[in-house]
Amino acid sequence: MEMNTLFEKRRSIRKFQPDKPVTREQLDRLLKAAMLAPSACNTRPWEFLAITKREMLDKIAEIHPYAKMCETATAAIVVVALPQTKEKPEGYFPQDCGAATENILLEAAGIGLGACWCGVYPREERMVSIRGLFNIQEPKIPFNIIAIGTPDEAPGQRGFFEAAKVTYID
Ligand SMILES: Cc1cc2nc3c(=O)[nH]c(=O)nc-3n(C[C@H](O)[C@H](O)[C@H](O)COP(=O)(O)O)c2cc1C
């Protein structure tokens with residue numbers, strides 16, 4: 001099964017070249033990719049904080065136990081979820097925001113950047129600290145933090161195809 005796609009290229013990158021800024025143009029490409037994601041009933045239950053301020057990146061590294069790579073990242077995107085309130089699409093925001101996140105990761109790989117998804121929701125203590133840092137008010141929810149920059153490591157591929165996980169129904 002030959003594949004040569006962004007899916008194979010993408011890795012979680014946790015070490016970046018600290019002197020290589022992520023440009024506004026690059027950030028906008030990532031955000032455009034995010035907002036092209038599918039969402040339940042097209043509710044698009046998301047907002048984004050696009051961060052390049054060094055002080056804030058360092059603060060994220062300080063308060064999130066698994067986002068130390070933000071010390072070398074030169075940008076981060078915080079995906080902020082807007083939980084749906086209308087009856088029909090209620091409860092889908094994690095899937096919608098997850099789809100937007102994956103689009104960002106793949107677009108980053110496509111333009112030579114590295115990125116790492118750092119989980120926030122549903123860990124209460126992380127939600128509280130990120131809420132405080134960026135003044136994110138309820139009902140908005142800090143969903144995750146995506147560390148971004150120019151890779152300074154080339155980790156091996158961790159994802160793989162497992163036939164045993166598939167049931168073919170012919
Ligand atoms: C919901 C979610 C939360 C994650 N949280 C973190 C995190 O807090 N810190 C981190 O370094 N990696 C985090 N990761 C990245 C995973 O560890 C990584 O995707 C996995 O080990 C597979 O490696 P790969 O992304 O290079 O294929 C997270 C990934 C997902 C999908």
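Every read-out reported here was derived from the displayed coordinates using simple, explicitly stated rules and does not represent laboratory data. These numbers come from a predicted model, not from an experiment. As a convention, Cβ positions derive from the backbone with ideal geometry for all residues, glycine included, and neighbour counts pool all protein chains shown.
In loop segments of the stretch 1-77 as defined by DSSP, there are no chymotrypsin sites (Phe, Trp or Tyr not before Pro) with at most 11 further C-beta atoms inside 10 Å of their C-beta. When +1 charges are put on Lys and Arg Cβ atoms and -1 charges on Asp and Glu Cβ atoms, the dipole computed for the stretch 23-150 relative to its Cα centre reaches about 140 debye.
Modelled spin-label separation between residue 167 and residue 36, with each label point placed 7 Å from Cα along the Cα-to-Cβ direction: 3.5 nm.
Among the trypsin sites (Lys or Arg not before Pro) found in the stretch 97-170, those both in a DSSP coil and sparsely packed, with 11 or fewer other Cβ atoms within 10 Å of their Cβ, are 158.
Among 27, 57, 6, the order by Cβ neighbours within 10 angstrom, fewest to most, reads 6, 27, 57.
Can you tell me the length gained on complete extension of the stretch residue 4 to residue 95, counting 0.36 nm per residue apart and subtracting the Cα distance? Gain on stretching residue 4 to residue 95: 30.2 nm. Out of the stretch 18-74, which trypsin sites (Lys or Arg not before Pro) are coil in DSSP terms and have no more than 15 other C-beta atoms within 10 Å? Of the trypsin sites (Lys or Arg not before Pro), the ones in loops of the stretch 18-74 whose Cβ has at most 15 other Cβ atoms within 10 Å are 53.
Modelled spin labels at residue 160 and residue 71, positioned 7 Å past Cα toward Cβ, are 3.1 nm from each other.
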